[in-house]
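Before we start, here is the structure in question, set down as structure tokens.
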Amino acid sequence: PIEDFVRIDALPDHDGDTVTLKGWLHNKRGSKSLYFLILRDGSGFVQCVVSEGDVDDASWAAADNASQETALSITGRVSADDRAPGGYEMQVDAVETIGDSDGYPITPKEHGIDFLMNRRHLWLRSESQWAVLRVRNRVQKAVHDFFQDRGFLQTDAPVLTGNAVEGTSTLFELDYFDDESAYLTQSGQLHGEAMAMAFGKVYTFGPTFRAEKSKTRRHLTEFWMIEPEMAFYDLDMNMTLAERFVSHIVQDVLTHCERELETLERDTTALQQVETPFPRISYDEAVELLRSDATAELIDERIAGLHEEQAELETEREENQKRRGQAKKHIKRQIDAREIEINKRINDIEEALRNLPDWKESAQTFEWGSDFGGSDETVLTWHFDRPIIVHRFPAKIKAFYMKRDPHDDRLALGMDVLAPEGYGEIVGGGERATDLDFLQEQIEAHGLPEEAFDWYLDLRKFGAVPHSGFGLGLERVVSWICGREHVREAIPFPRTIGRLHP
Ligand code: 4AD
Ligand code: MG
């Protein structure tokens, strides 16, 4: 082996052995002659028990001086322990300091989101972020496994491009030498189409950029997209691939990230339902559903349910306060921790209760031809127990490259996958237009510069074939699987309208 130490996730292979761990102090509890050190090394967390009588003076001093995030080398005997998080514990023989840490700013108490985001370079070390970003890694692996096992070639699209793919309002523009402009790519799709004509089935996996000017929980200005593109696929085949892909990712994470999802206290019931086939509804049907009495009733039920939950929480809070007076110290601590939880949940409920009437209004008055807002997407998915696919949107709200529905020229053969639990659109895609004249018209109608698309139109001149593809937003999927409120936690260093640092 290269390493002269053992990683925490390998401890099950070392039950009963004496090994050395290297990592950082995550947490420390102790009394006069005994310390419980929680060490983290990136692969996991483990409790190390240091007893003054068992170690030499230098080791005891190292344990005594260590504070949060001090880097340590700890040697001791590994033993299985069902009560320990992770199932293993270490009885320590020696402790050595590798790097000091003093006044680490992110303590176990509650911090505001701006405080944490400003210290994102350190916040990454916390247990919740460890879990989220390990799920992200697992999703990335699942993506490659899925496509590599199905005859797809991974091909890379350029990041600097001369083409607007998804409209001109969110372009990041920069000078590209003398008198040319370049954009940071919004999507690898157009280049993916060229590569699909060369290699049949391809996928790109890269960073994409959009100058999103509004702050929402679903938008980043830099995000990672996975974009398969397949020759000879129509819209139906595309939807089937998309649902299998999403289901594969979710099931793979459920199998391999049990510990991470537990750390995040993610209720996985809804995730277990993510099996194919997904319900497919046309945009027309979706509009009808939004305006239906059934939707109004669903929203009213939610409102009633939230009022009930709020009342229950308020009663619990009052009863806890009554108990608190005579309670022992550790019970008081439990009550206070619960109080924080209750207050947080009540805040969320109050916010939801403020918003739901507007959501209802938006759904009931939805006009054919508009794009769904975030709340419309959320409400639509409440009717189903798994992600849904909405297809055949009004062409007016979709990009220039979409094929028209041969049965209704107002419609484009686009499709979106909407995730449940309020996470909204995770996949957007469709069947591509192949007709040269039609595409030329569309490029002009969308106000796009013709010269920049010459190369793209070549694909329609030399053996054009029906083809389709889609883009899946990595951070949207990770935040959904992890049950996080906001996409910003699903990427190591998020970029949003107000944030370029750290
Ligand atoms: O629906 P979109 O705009 O589709 C495309 O870009 C197509 N060209 C993809 C294709 O067909 N090859 O974006 C695709 C997905 C969305 O469903 C969403 O998951 C994600 O990309 N996405 C974002 N994620 C985070 N922040 C943003 N600002 C995002 N914009 C889109
Ligand atoms: Mg979209």
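Run the reach check for Lys461 against lysines, Cα to Cα strictly under 18 Å, same-chain hits fewer than 8 apart removed. What comes back?
Result set, ordered by chain and number: Lys403.
Can you tell me how the range 126-271 classifies by the Cα gyration tensor, rounded, prolate or oblate, using a/c under 1.5 as the rounded cut?
Oblate is the answer for the range 126-271, as a/c is 1.5 or above yet b/c matches or exceeds a/b.
Right, next: Kindly work out what percent of the DSSP beta bridges joining two residues of the range 8-99 are antiparallel, to the nearest 5.
90
Follow-up question, since we're still on this one. Setting aside same-chain residues fewer than 8 positions from Lys215, which lysines have a Cα under 24 Å from its Cα?
Lys344, Lys360, Lys398
Rounded, prolate or oblate: which fits the chain when a ≥ b ≥ c are the square roots of the eigenvalues of the alpha-carbon gyration tensor, with rounded for a/c under 1.5 and prolate only if a/b beats b/c?
prolate
Add -39500 (n - 2.57) for each DSSP H run of 4 or more in the chain, then divide by its residues: what number comes out at 222 nm, to the nearest 500 deg cm²/dmol?
Estimated from H runs of four or more residues: -12500 deg cm²/dmol.
Please give the peptides 107-118, 355-366 ranked by average Cβ packing (other Cβ atoms within 10 Å per residue), highest first, as a rough proxy for protection.
355-366, 107-118
Hey, another quick one. Kindly rank 21-27, 214-220 from highest to lowest mean number of other beta carbons found within 10 Å of each residue.
Listed from highest to lowest mean packing, they are 21-27, 214-220.
The range 252-305: which trypsin sites (Lys or Arg not before Pro) are DSSP loop and have at most 15 other beta-carbon atoms within 10 angstrom?
none
I've got another one for you. Cut-off is 10 Å between beta-carbons; in what order do Lys201, Lys344, Lys403 appear when sorted fewest neighbours first?
Fewest-to-most ranking of Lys201, Lys344, Lys403: Lys344, Lys201, Lys403.
Can I ask one more? How far is the Cα center of the range 28-101 from the Cα center of the range 290-350, in Å?
With the range 28-101 and the range 290-350 each reduced to a Cα centre, they are spaced 38 Å.
Is the shape of the range 56-204 rounded, prolate or oblate, going by the alpha carbon gyration tensor and its root eigenvalues a ≥ b ≥ c, with a/c under 1.5 for rounded and a/b larger than b/c for prolate?
prolate
With label points built 7 Å along Cα→Cβ from the Cα atoms of Thr168 and Ile106, find their separation and express it in nm.
4.2
For the residues Phe232, Phe146, Phe177, what sequence is obtained by ranking on other C-beta atoms within 10 Å, fewest first?
Phe177, Phe232, Phe146
Now a separate question. Please give the net charge around Gly192, taking every other residue with its beta carbon less than 11 angstrom from that of Gly192, where Lys and Arg add +1 and Asp and Glu add -1.
-2
Bear in mind these aren't lab numbers, they're just calculated from the coordinates by the rules spelled out. What you see is a predicted model; the values in this text were computed from it and never measured. So basically every Cβ, Gly included, is an ideal-geometry build from the backbone, and we count neighbours across all protein chains shown.
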